[in-house]
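Peer 1: Submitted below is the structure of interest, expressed as structure tokens.
The values are calculated or read from the model by the stated rules, or taken from the named source; none is laboratory data. Note that the structure is a prediction, hence the values are computed from the model and not measured. Every residue, glycine among them, receives a Cβ derived from its backbone with ideal geometry; neighbour counts consider all protein chains shown.
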Amino acid sequence: MRVKIPRPSRIILYILLALFTILILLPLWTCVVTALKTSKEVILTTPVTPPLYPTLAPLIESLDYLKRPLMNSLVLVGSGVMVSCFFGSILGYVFSKRKFRGSIILFILVILCLYTPPQVQLIPMVRVTSNLGLHGNLGSLVLLYMLFGIPMCAFIFKTLYDEIPDSFINAAKVDGAGTWTIYRRIILPLSVIPFVVAALLQVVIIWNDFIWGLVLTSGKANLPVTVAMANLKGSFVAEWNLQMAGALWIALPTLIIFIFLGKYIIRGYSGM
Amino acid sequence: MDPKRKEKIITLLIILPALVSIFFFYYCFTGWNFFISLTDWKGFVPSYNLVGFKNYVTLFHDSVFWTSLKNNLLLILIFVPGVILVGLILAVLLDQKVRGESVFRTIYLLPFALSFVVTAALWTWMYSPKVGTINVLLGKLGLGFLKSGWITDPNIIMYCIIIALIWQFVGYSGIIFLAGIRSIPESQIAAAKVDGASSFTLYRRIVFPQLKASFVTAFIIFMCFAIKAFDFIWVLNRGGPGYSSHILGVAMYKETFAFDKFAYGAAYSTIILLLSLVIVVPFLYRVYRR
């Protein structure tokens, strides 16, 4: 649906859009220019002026600080995304195409998980991981992110599988194909987009998550990148260029995903 | 065995591992957390006693709890309507056959891509009183009298936080409403135009009333966020100065992991859960009734 407003107001329209653009980009802009300045230049120039003598030193120094946490976060994203997408896809398939009595109740219970605040799971999870001997190290987060994303993946897969007509699988049912065969032969080959949508969303969520890493890991070797960044912010208080450079490293992967693959992300978020 | 029955069992078996693990993680943990809130458990010492609702009584006499609840209420009353309103404005603007619409959409959505840790770092820099972007720009623009301590001032820090959060979520809010506007059938708009409706009447009479679903979606998402928020405020200023930007999530984290009062922290979590359920359960009930 498109409503066109009359001509003179179109100039105002573009002015407003440009104004919003400036407001949205201002914090990002000052982050980028500050990350490219020396400490001296940060003090001598305004936060919005581009650097006169651009330097990569803050980026290199902060990368050195964040190297290990970046690797940790990659490990978490890799393991978490694969497992939660796989289970989410199976749940989505059953809730969409193999409904049984009570399946809708189970589905609602899965959806409700999406809305539970993480605070209620923090303390029990600390208890469980310390009993398993995982508390403090990366294993606790690997375990967590495998479970954590399943409800959201199940929801995405169910929504997108609902778009596949039932007639596709009815023919196979008549031929006597079972639940698992139908999933493997018919649903899975049609699942490229659902997998892309769910996986990208999980990548962004796990990469950006903070509270779980804060609670479950300790010691620099085990931190995910967001927790390491919060520490960097705490320990280099006045060194803005270093802080902004660190923020930039963490922001880069998700910004790239949103810029180039944004339409998949939006599909995942719409209807939630 | 009857093949139909066999298929049913197989279906149940393939969903069982995932269902059991997430229900354990989400529901058993939630119950366990409530149980912990009824004890006097103090962290890593395994022994505890059941004390009934004593933690909740203490909670209701704790001024930090009321400060935190008040700040959550500020998020609910200012952040939620704010982000919905600005998002709606953005959606209406973007709906005007704008040239380069997808570019604008992508730009507006960029802050939503970022971790709260990143945005908290960005806004600490924006709000920094001495060298920060806002105060420096105000000075350059001759608006020096507007300079302020921003996040170092306990009286306005919550409003600073709300502005930053609106900045972060407004693109997402806009996308929700834009999708809603786009799903209204073209024919209705055409009919209204034939009747000579101005664009203002068109929006008021035809478009906005049909955005109910988008409003509900946005409301639920941002309400849930306003209740459980933690990351941004914690990284920005640890709930300070003093207790001025404490919210329930921050207080819960501090009680539990800084002061090792696990049972007391669990009582905080239970309150956060109850508030979320008050919002979400009626919503899910309405969506999935049938």
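Peer 1: Tell me whether the range B:183-206 contains one or more residues that are in contact with a Ser or Thr (Cβ under 7 Å, 6 or more places away or on another chain) and small (G, A, S). Give the derivation first.
Peer 2: Keep residues of the range B:183-206 that are in contact with a Ser or Thr (Cβ under 7 Å, 6 or more places away or on another chain), which gives none.
No, that holds for no residue.
Peer 1: Additional query: Return the residue satisfying two criteria in turn: it lies in the range A:129-151 and is closer than 25 Å to B:L277 by Cα and part of a helix (DSSP H, G or I), and of such residues it is farthest from the other protein chains (Cβ to nearest Cβ). Let's see the steps before the verdict.
Peer 2: Initially, the range A:129-151 is screened for residues closer than 25 Å to B:L277 by Cα, giving A:144-151.
If we keep only those that are part of a helix (DSSP H, G or I) as well, we get A:144-148, A:150-151.
Numbers: A:L144: 8, A:Y145: 11, A:M146: 8, A:L147: 5, A:F148: 7, A:I150: 5, A:P151: 6 Å.
Looking at residues that are closer than 25 Å to B:L277 by Cα and part of a helix (DSSP H, G or I), I get A:Y145.
Peer 1: Here's a follow-up. Here is a check on your reading of the model: is B:I163 more than 21 Å from A:F258 (Cβ to Cβ) and crowded, with 24+ Cβ neighbours inside 10 Å? Spell out how you get there, then give the answer.
Peer 2: Numbers: more than 21 Å from A:F258 (Cβ to Cβ): yes; crowded, with 24+ Cβ neighbours inside 10 Å: no.
No; evaluated as a whole, the condition is false for this residue.
Peer 1: On to the next question. Looking at (1) surrounded by 15 or more Cβ atoms within 10 Å (Cβ to Cβ); (2) more than 30 Å from B:Y203 (Cβ to Cβ), which one does A:L17 not meet, given that it meets all the others?
Peer 2: With (1) surrounded by 15 or more Cβ atoms within 10 Å (Cβ to Cβ); (2) more than 30 Å from B:Y203 (Cβ to Cβ) applied to A:L17, the lone miss is (2).
Peer 1: Given the conditions (1) touching a Lys or Arg at 6+ places or on another chain (Cβ under 7 Å); (2) in a helix (DSSP H, G or I), and given that B:D260 satisfies all but one, which numbered condition is not satisfied?
Peer 2: All conditions pass for B:D260, except number (2).
Peer 1: Right, another one. Do we have any residue at all in the range B:60-71 that's in contact with a Ser or Thr (Cβ under 7 Å, 6 or more places away or on another chain), of a type in the set (V, I, T) and surrounded by fewer than 19 Cβ atoms within 10 Å (Cβ to Cβ)? Can you show your working first?
Peer 2: Kept after step one, since they are in contact with a Ser or Thr (Cβ under 7 Å, 6 or more places away or on another chain), are these residues of the range B:60-71: B:71.
When the remaining residues are screened for being of a type in the set (V, I, T), the result is none.
For the range B:60-71, residues in contact with a Ser or Thr (Cβ under 7 Å, 6 or more places away or on another chain), of a type in the set (V, I, T) and surrounded by fewer than 19 Cβ atoms within 10 Å (Cβ to Cβ): absent.
Peer 1: A follow-up question, please. In the range B:116-134, how many residues are farther than 25 Å from B:Y243 by Cβ and at pLDDT 85 or above? Steps first, answer last, please.
Peer 2: In the first step, residues of the range B:116-134 are kept if they are farther than 25 Å from B:Y243 by Cβ; the result is B:118, B:131, B:133.
After this cut, where a residue has to be at pLDDT 85 or above as well, the list is B:118, B:133.
Number of matching residues: 2.
Peer 1: State which residue is farthest from the other protein chains (Cβ to nearest Cβ) when the search covers only the range B:196-247 and only residues that are basic (K, R) and surrounded by 15 or more Cβ atoms within 10 Å (Cβ to Cβ).
Peer 2: Start the filter on the range B:196-247 by keeping residues that are basic (K, R), which leaves B:204-205, B:212, B:228, B:238.
Among the residues that remain, those that are also surrounded by 15 or more Cβ atoms within 10 Å (Cβ to Cβ) are: B:228, B:238.
Details: B:K228: 4, B:R238: 9 Å.
Among those residues, the one meeting the criterion is B:R238.
Peer 1: Residue by residue through the range B:32-89, note down the ones that are hydroxyl-bearing (S, T, Y) and under 19 Å from the mean Cα position of the chain (by Cα).
Peer 2: Let us first name the residues in the range B:32-89 that are hydroxyl-bearing (S, T, Y), namely B:37, B:39, B:47-48, B:56, B:58, B:63, B:67-68.
Once the filter is applied, which keeps residues that are hydroxyl-bearing (S, T, Y) and under 19 Å from the mean Cα position of the chain (by Cα), the range B:32-89 yields B:T67, B:S68.
Peer 1: For the range B:91-130, give me each residue that is surrounded by fewer than 18 Cβ atoms within 10 Å (Cβ to Cβ), more than 7 Å from every other protein chain (Cβ to nearest Cβ) and aliphatic (A, V, I, L, M).
Peer 2: B:V103
Peer 1: OK, next. State whether one or more residues within the range B:171-183 are within 26 Å of B:A218 (Cβ to Cβ), in contact (Cβ under 8 Å) with a residue 24 or more places away in the chain and touching a Pro at 6+ places or on another chain (Cβ under 7 Å).
Peer 2: yes
Peer 1: So is A:R127 over 26 Å from B:I247 (Cα atoms) and out of contact with any His (no Cβ under 6 Å at 6 or more places or on another chain) or not? Quick ask: steps written out before the conclusion?
Peer 2: Working: over 26 Å from B:I247 (Cα atoms): no; out of contact with any His (no Cβ under 6 Å at 6 or more places or on another chain): yes.
When the stated conditions are applied, A:R127 does not pass them.
Peer 1: Can you name the residue in the range A:82-117 that is free of Cβ contacts under 8 Å to residues at least 40 places away in the same chain and of a type in the set (G, A, S) and is also surrounded by the most Cβ atoms within 10 Å (Cβ to Cβ) among such residues?
Peer 2: Looking at residues that are free of Cβ contacts under 8 Å to residues at least 40 places away in the same chain and of a type in the set (G, A, S), I get A:S103.
Residues are listed down the side, and each one gets a yes or a no for (1) in contact with a helix residue (DSSP H, G or I) (Cβ under 8 Å, 6 or more places away or on another chain); (2) farther than 27 Å from A:F210 by Cα:
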site	(1), (2)
B:T124	yes, no
B:S173	yes, no
B:E186	no, yes
B:V207	yes, yes
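Peer 1: Now, a different point. Please verify whether A:P118 is out of contact with any strand residue (DSSP E or B) (no Cβ under 7 Å at 6 or more places or on another chain), modelled with pLDDT of 90 or more and within 10 Å of chain B (Cβ to nearest Cβ), treating the condition exactly as stated.
Peer 2: Details: out of contact with any strand residue (DSSP E or B) (no Cβ under 7 Å at 6 or more places or on another chain): yes; modelled with pLDDT of 90 or more: yes; within 10 Å of chain B (Cβ to nearest Cβ): yes.
When the stated conditions are applied, A:P118 passes them.
Peer 1: Scan the range A:75-85 and tell me whether some residue there is part of a loop (DSSP other than H, G, I, E, B), over 20 Å from B:F112 (Cα atoms) and away from chain B (no Cβ under 13 Å).
Peer 2: Step one: list which residues in the range A:75-85 are part of a loop (DSSP other than H, G, I, E, B), which gives none.
No; the residues of the range A:75-85 include none that is part of a loop (DSSP other than H, G, I, E, B), over 20 Å from B:F112 (Cα atoms) and away from chain B (no Cβ under 13 Å).
Peer 1: List pairs: first residue in the range A:152-181 and farther than 27 Å from A:L114 by Cα and within 14 Å of chain B (Cβ to nearest Cβ), second residue of a type in the set (A, V, I, L, M) and surrounded by 15 or more Cβ atoms within 10 Å (Cβ to Cβ) anywhere in the structure, Cβ distance under 6 angstrom, at least six positions apart or on different chains.
Peer 2: Within 6 Å, the pairs are A:I169/A:I182; A:I169/A:I186; A:A172/A:I182; A:A172/A:I186.
Peer 1: Right, A:S62: surrounded by 23 or more Cβ atoms within 10 Å (Cβ to Cβ), out of contact with any Pro (no Cβ under 9 Å at 6 or more places or on another chain), among the polar types (S, T, N, Q) and within 14 Å of another protein chain (Cβ to nearest Cβ) or not? Spell out the reasoning first.
Peer 2: Working: surrounded by 23 or more Cβ atoms within 10 Å (Cβ to Cβ): yes; out of contact with any Pro (no Cβ under 9 Å at 6 or more places or on another chain): yes; among the polar types (S, T, N, Q): yes; within 14 Å of another protein chain (Cβ to nearest Cβ): yes.
The answer is yes for A:S62.
Peer 1: Could I ask something else about it? Quick one: how many residues across the range B:32-50 are at pLDDT 85 or above and either among the hydroxyl-bearing types (S, T, Y) or more than 20 Å from B:F257 (Cα to Cα) (or both)?
Peer 2: 2
Peer 1: Can I ask one more? Just one of A:R185, A:R267 is among the basic types (K, R), more than 19 Å from A:T34 (Cβ to Cβ) and over 20 Å from the mean Cα position of the chain (by Cα); which is it?
Peer 2: Details: A:R267 fails: over 20 Å from the mean Cα position of the chain (by Cα).
Matching residue, one of A:R185, A:R267: A:R185.
Peer 1: So, of the residues in the range A:211-244 that are crowded, with 23+ Cβ neighbours inside 10 Å and in a loop (DSSP other than H, G, I, E, B), which turns out to be farthest from the chain's Cα centre (by Cα)?
Peer 2: Among those that are crowded, with 23+ Cβ neighbours inside 10 Å and in a loop (DSSP other than H, G, I, E, B), it is A:L223.
Peer 1: Give the residue, chosen from B:F200, B:F219, that is at pLDDT 90 or above and assigned to a helix (DSSP H, G or I). Give the steps one after another, and end with the answer.
Peer 2: On the way: B:F200 fails: at pLDDT 90 or above.
After ruling out the rest, the residue left standing is B:F219.
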